[in-house]
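As structure tokens, the structure follows; a few thoughts come after it.
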Amino acid sequence: MKIMVVNMTNGTDMSVTLMADSTLLRSGQPFFIPDFAPHFAAMPMLMLRVGRLGKCIAPRFAHRYIDAMTASFAIVPLDHDMQPMSLAGMASVMDGATVYGSWIDYEPLQSFVWTLGDQEHTLLPQDFMPEASAAIEHISRHATIKMGDVICLGATASQPQPLHIDDLLTASVNGQPILRNKIK
């Protein structure tokens, strides 16, 4: 299984980051704030699960390769000025760096609503870039996608939201509650 995080760079180019499976933390399991950075924040992502083998997939056929989706969050370390830290690439491979919810059948995204502490946020399909079909085309041009692979699309319209001990992180996709994690 590959976990691929796709982001837009320079507004038009895609970058893909591969992550280890140890970064995944299921809904219901607590996230323990590590001690290697002064602050941590949650960044929302839409997670898609690949349901069939493919290579060089045209965008018009991309929807056939996704069988499930869920809400997920990248947990990123922040410095004292609340800016993301790079930590020489180690930030994205820490245990539990990707919190994800229960899988639901794939259908076009209508809404992604999440809360952290007492703040509620709503994201719409246009807030996630790139579109799923463009991401699948890009990835499959360079590598074979296989059943069980995971593709994460970042929310470009969202700012990192700081995590605090005893916060509750929840999310729903298309009106279905699918994620609930306690921050410890």
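Say we look at segment 1-20 and pick out the residues that are within 13 Å of the chain's Cα centre (by Cα) and not hydrophobic (A, V, I, L, M, F, W, C); which of these is surrounded by the fewest Cβ atoms within 10 Å (Cβ to Cβ)? Spell out how you get there, then give the answer.
Kept after step one, since they are within 13 Å of the chain's Cα centre (by Cα), are these residues of segment 1-20: 3-7, 16-19.
Adding the requirement that they be not hydrophobic (A, V, I, L, M, F, W, C) leaves 7, 17.
On the way: Asn7: 18, Thr17: 14.
In this case the residue turns out to be Thr17.
Looking at segment 145-184 only, could you name the residues that are in a loop (DSSP other than H, G, I, E, B) and of a type in the set (Gly, Ala, Ser)? Spell out how you get there, then give the answer.
Initial filter on segment 145-184 (in a loop (DSSP other than H, G, I, E, B)): 146-149, 156-160, 163-167, 174-175, 184.
Once the filter is applied, which keeps residues that are in a loop (DSSP other than H, G, I, E, B) and of a type in the set (Gly, Ala, Ser), segment 145-184 yields Gly148, Ala157, Ser158, Gly175.
Taking Ala143 as the residue in question, decide whether it is out of contact with any Pro (no Cβ under 8 Å at 6 or more places or on another chain), under 15 Å from Val6 (Cα atoms) and at pLDDT 90 or above.
Yes; evaluated as a whole, the condition is true for this residue.
In segment 25-40, how many residues are open to solvent by 50 Å² or more (accessible area, probe 1.4 Å), closer than 19 Å to Ile3 by Cα and in a loop (DSSP other than H, G, I, E, B)?
Taking segment 25-40 as the starting set, the residues that turn out to be open to solvent by 50 Å² or more (accessible area, probe 1.4 Å) are 26, 28-29, 32-33, 35-36, 38-39.
Restricting the remaining residues to those that are closer than 19 Å to Ile3 by Cα gives 26.
Then keep just the ones that are in a loop (DSSP other than H, G, I, E, B); that gives none.
Count: 0.
Restricting to segment 152-184, and then to whatever is polar (S, T, N, Q) and in contact with a strand residue (DSSP E or B) (Cβ under 7 Å, 6 or more places away or on another chain), can you tell me which residue is least open to solvent (accessible area, probe 1.4 Å)?
Among residues in segment 152-184 that are polar (S, T, N, Q) and in contact with a strand residue (DSSP E or B) (Cβ under 7 Å, 6 or more places away or on another chain), the one least open to solvent (accessible area, probe 1.4 Å) is Asn181.
Give the number of residues within segment 126-144 that are over 16 Å from Asp67 (Cα atoms), not in a helix (DSSP H, G or I) and not hydroxyl-bearing (Ser, Thr, Tyr).
Final tally of qualifying residues: 4.
Rundown of residues vs (1) at positive phi; (2) open to solvent by less than 30 Å² (accessible area, probe 1.4 Å), yes/no style:
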position: Gln83; (1), (2): no, no
position: Asp95; (1), (2): no, no
position: Gly117; (1), (2): yes, no
position: Thr122; (1), (2): no, no
position: Val150; (1), (2): no, yes
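Could you look through segment 27-68, keep only residues that are free of Cβ contacts under 8 Å to residues at least 40 places away in the same chain and not acidic (Asp, Glu), and pick out the one that is nearest to Asp81 (Cα to Cα)?
Filtering segment 27-68 for residues free of Cβ contacts under 8 Å to residues at least 40 places away in the same chain gives 35, 61, 64, 67-68.
Narrowing further to those that are not acidic (Asp, Glu): 61, 64, 68.
Numbers: Phe61: 44, Arg64: 43, Ala68: 37 Å.
Selected residue: Ala68.
Check Pro44 against each of (1) buried (at least 19 other Cβ atoms within 10 Å of the Cβ); (2) over 27 Å from Gln126 (Cα atoms); (3) not basic (Lys, Arg) and name the one condition it does not meet.
Checking Pro44 against (1) buried (at least 19 other Cβ atoms within 10 Å of the Cβ); (2) over 27 Å from Gln126 (Cα atoms); (3) not basic (Lys, Arg), the one that fails is (2).
The values are calculated or read from the model by the stated rules, or taken from the named source; none is laboratory data. Computed from a predicted model, the values in this text were never measured in an experiment. Neighbour counts run over all protein chains shown; Cβ positions are idealised from the backbone, glycine included. The area values use the complete protein model at the heavy-atom level, side chains included, leaving out ligands, DNA and RNA. Shrake-Rupley method; radii C 1.70, N 1.55, O 1.52, S 1.80 Å.
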